[in-house]
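The values are calculated or read from the model by the stated rules, or taken from the named source; none is laboratory data. Quick caveat: nothing in here was measured; it's all calculated off a predicted structure. As a convention, Cβ positions derive from the backbone with ideal geometry for all residues, glycine included, and neighbour counts pool all protein chains shown. Please note that ligands, DNA and RNA were not included when accessible areas were found on the heavy atoms of the full protein model with its side chains. Shrake-Rupley method; radii C 1.70, N 1.55, O 1.52, S 1.80 Å.
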Amino acid sequence: MSLPYIAFEGIEGAGKSTVAERVGERLEAEGRRVVRVREPGGTAVGERIRAILLGHDLLPDPWTEALLFAAARAQLAAEVVGPALASGAWVLSDRSVYSSLAYQGAGRGLGIDTVRGVNEPGLLGVWPSLVILLNVDPTEGLHRQDVGDRIGDEGADFQRSVADGFIATAASEPDRFVIIDAGDQLDSVVAAAYREIRSRW
Ligand code: Z5A
């Protein structure tokens with residue numbers, strides 16, 4: 001059976017952080033050991049890279065951006081996710097490599113397969129087994145947004161091409177992805193995500 005490395009994905013305001021947290025609480029209540037991570041970040045190196053990537057003071061070129069996301073992710077895989085899975089923990093990740101495929105591959109136009117190819121070597125096989133794609137209309141997602149960041153502030157057209165990137169990737173990997181309507185009530189979204197996870201493990 002594959003290891004329980006579960007990524008919550010979607011555009012801004014889809015509810016990833018909230019749903020991941022609530023699903024984690026349910027799993028912990030059942031006695032499972034859960035490690036929560038976020039991307040970019042989750043390590044000292046990754047949090048510094050996050051500040052470069054998301055602040056408004058620097059403007060990385062699209063390829064610099066893609067490589068910095070990949071670098072933060074490689075550190076997270078080596079330092080946290082790989083060891084956590086090896087120890088028997090469940091890993092719930094707020095974003096993952098699939099955000100890079102959608103944002104840098106589709107949104108920035110670098111190419112989904114090209115961005116995948118850049119990320120693969122640094123991850124050494126540490127790859128989400130299940131991706132819960134929270135699908136929400138970009139206008140609704142932007143409306144829900146609490147705090148903006150440099151990439152999130154690109155606007156609705158950019159978010160739409162990112163959303164299309166997520167859907168295209170999900171279609172090409174149907175066994176890895178489940179798509180949940182994140183326009184539903186929060187409780188229903190959490191219940192649906194939890195059900196999908198428990199149906200696999
Ligand atoms: N990025 C990238 O370009 N490439 C990469 O490889 C990676 C990331 C990994 C940082 O991500 C930025 O980096 C992000 C993508 C880019 N920029 N953009 N876009 P982040 O994860 O730190 O930031 P975010 O996605 O913008 O987070 P967010 O706005 O917090 O979104 P969220 O986690 O999906 O939503 P939330 O915080 O759980 O919920 C937002 C609000 O909506 C909150 O008040 C909730 O209570 C509410 N909510 C949630 N679900 C519902 C439902 N179902 N109904 C009503 N209200 C709801």
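Can you give the longest stretch of the chain with no exposed loop site, where a site means trypsin sites (Lys or Arg not before Pro) in a DSSP loop (not H, G, I, E or B) with at most 14 other C-beta atoms within 10 Å? The reported range is 34-201.
Couplings 3J(HN,Hα) for the stretch 164-177, derived from phi with the Karplus relation 6.51 cos²θ - 1.76 cosθ + 1.60 (θ = phi - 60°), are 4, x, 4, 5, 5, 5, 4, 5, 7, 9, x, 6, 8, 9 Hz, where x marks Gly and Pro.
Over the stretch 8-110, what portion of Cα pair distances is larger than 17 Å, expressed as a whole percent? Kindly include the intermediate steps, with their values, before the conclusion.
Values: 2951 of 5253 pairs.
It works out to 56 percent of all Cα pairs.
Each helix, a run of at least 4 DSSP H residues, gives -39500 (n - 2.57); summed and divided by the residues of the chain, these come to -15000 deg cm²/dmol at 222 nm.
For S172 and S188, the difference between the fully extended length at 0.36 nm per residue and the C-alpha to C-alpha distance is 3.1 nm. Stokes-Einstein diffusion of the stretch 61-104 at 20 °C, 1.002 mPa s viscosity, Kirkwood radius from Cα pairs, rounded to a whole number: 189 µm²/s. Model label sites at D57 and A71, defined 7 Å from Cα along the beta-carbon direction, differ in position by 1.7 nm. Calculated translational diffusion coefficient of the chain (20 °C, 1.002 mPa s; Stokes-Einstein with Kirkwood radius over alpha-carbon pairs) equals 127 µm²/s.
Given N residues in the stretch 33-90, what is Rg(Cα) / (2.2 N^0.38 Å)?
Details: Rg = 12.7 Å, N = 58, 2.2 N^0.38 = 10.3 Å.
Normalised by 2.2 N^0.38 Å, the Cα Rg of the stretch 33-90 equals 1.24.
By the Cα gyration tensor, the stretch 107-201 has an equivalent ellipsoid whose semi-axes, rounded to whole angstrom, run 22, 22, 12 from largest to smallest.
What are the GluC sites (Glu not before Pro) within the stretch 1-70 that DSSP puts in a loop, where the Cβ has at most 11 other Cβ atoms within 10 Å? Mind showing how you got there, number by number?
Numbers: sites: E9, E12, E21, E25, E28, E30, E47, E65; in loops: E12, E30.
When the GluC sites (Glu not before Pro) of the stretch 1-70 are filtered for loop state and at most 11 Cβ neighbours within 10 Å, E30 remain.
The residues of the chain have, on average, 45 Å² of accessible surface per residue, using a 1.4 Å probe with all protein chains present. Between beta-carbons, use under 12 Å as the cut-off and find the net charge around T139, counting Lys and Arg +1, Asp and Glu -1. Residues close to T139 contribute a combined charge of -2. The slack between R26 and R198, meaning 0.36 nm per residue of separation minus the straight C-alpha distance, is 60.8 nm.
For the stretch 82-145, the Kirkwood hydrodynamic radius comes to 13.6 Å, computed from all pairs of different C-alpha atoms.
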